[in-house]
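Undergrad: To start, I am sharing the structure in question, which I have written as structure tokens.
All of the numbers you see were taken from the coordinates with simple rules; none came from a lab. Predicted, not measured: the structure shown is a model, and the values here were computed from it. When we count neighbours, we look across all protein chains shown, and the Cβ atoms used for this are built from the backbone with ideal geometry, even at glycine.
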Amino acid sequence: FSSEIYKEMSFALLLVDHFKSETGLEIWLDSDAPAGSGLGGSSSLGVTLFSALAEMSGQSYDKLKIIEIVRNYEGMILNQGIPGYQDYYPALFGGILSLKADVAGVQKEQLFTPELKTYLEENLNLLYSGTSRDSGINNWDVYKNYFDGNQKIRETMGGIASLSQSAYEAIKKQNFDDLLSLIVKEGKARKDLSSGILNDEMKKLEAELSKLKRDDVGLKVCGAGGGGCFLVTGLTEDELTDFISSTSFQKLSLEIEEPLA
């Protein structure tokens, strides 16, 4: 199997080949996530396609087993180590998930409430930068520097872990305003991981947002950064329009689905 031959279809074809179908298949794939957006589009597509193929072939797979298999296949295509696990869960479980890795595996907790859904949809804006980012480039840079003992990277990663724990606690206590400021802080911390996290136009927008001097307003990239999509927090529709009217940014729909059975 050669990704040089099949190119962008390689991932999907690996999943089809897994089931060794003896009949012809017609498969339609569609995604609202722009290519290289950082929204986990390929991971979501992968587990969805695998689940459909398993159902078609009469095979039963546990959801966690699906994630394990699809993640390994995507690692083969990316050729930059095994991908992170976080992007595969939302498409299979829905809602708002807490994912925590420990020695026993990934511990999943469903945090969805109607109140949290409404708050996030009203206070988060999802934007596409107009430029794709190369999946995994910044991630590999961070990964290598961490295990090479880079002190700045280690301290930043520790800070992000602490912010994540605080965000989890804010959700559990329904302190949603605290959650928004923590998202902003994580967005700022992430910039210290790699010089390419924000592209130039994102940096300009972040500088303009900082002039508001509000803890709940900021910018956080999705995925590995360097392009793709990002979140802007705490702005009304009209405020956001004023900030991005002279940019190439495109506002995308953000809707949080309920948990899946």
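Undergrad: Give the label of the value calculated from the structure for Rg/Rh (Cα atoms, Kirkwood Rh), choosing from [x] 0.97; [y] 1.06; [z] 0.94.
TA: [x]
Undergrad: Taking the alpha-carbon distance from residue 172 and a cut-off under 14 Å, which aspartates and glutamates remain once sequence neighbours fewer than 8 residues away in the same chain are dropped?
TA: 109, 115
Undergrad: Sort 32-42, 109-119, 198-208, 95-105 by packing, meaning the average of other beta carbons within 10 Å per residue, with the highest value first.
TA: In descending order of packing, they fall as 32-42, 198-208, 109-119, 95-105.
Undergrad: Further, regarding this structure: Between residue 32 and residue 245, what FRET efficiency comes out of the Förster formula 1/(1 + (r/R0)^6) with R0 = 30 Å and r the beta carbon distance, rounded to 0.05?
TA: Rounded to the nearest 0.05, the efficiency is 0.80.
Undergrad: Output the pairs from 63/152; 117/185; 108/185 with a Cα-Cα distance over 26 Å in this structure; if there are none, say none.
TA: Pairs exceeding the cut-off: 63/152.
Undergrad: Can I ask one more? Find how many whole Å separate the alpha carbon centroid of segment 29-72 from the alpha carbon centroid of segment 231-253.
TA: 31
Undergrad: Still on this structure: Quick check on the chain: helices-only [θ] at 222 nm, where DSSP H runs of length 4 and up contribute -39,500 (n - 2.57) each and the sum goes over total residues. Nearest 500, please.
TA: -15000 deg cm²/dmol
Undergrad: To continue, here is another question. Anyone know which of 168, 146, 61 comes out most mobile in the 10 Å Cα GNM of the chain?
TA: 61
Undergrad: What is the calculated FRET efficiency for residue 174 to residue 203, with r their C-beta to C-beta distance and R₀ = 25 Å, to the nearest 0.05?
TA: After rounding to 0.05, the efficiency reads 0.15.
Undergrad: While we're here: Work out, step by step, the length gained on full extension between residue 23 and residue 4: first 0.36 nm times the residue separation, then minus their alpha carbon distance; give nm to one decimal.
TA: Gain on extension, residue 23 to residue 4, equals 4.3 nm.
Undergrad: Would you mind getting me the FRET efficiency between residue 59 and residue 150? Use the beta-carbon distance for r and R0 = 41 Å, nearest 0.05.
TA: Working from the Cβ atoms, E equals 0.40.
Undergrad: Test of understanding: what is the full-extension gain from residue 121 to residue 258, defined as 0.36 nm times their sequence separation minus their Cα-Cα distance?
TA: 48.0 nm
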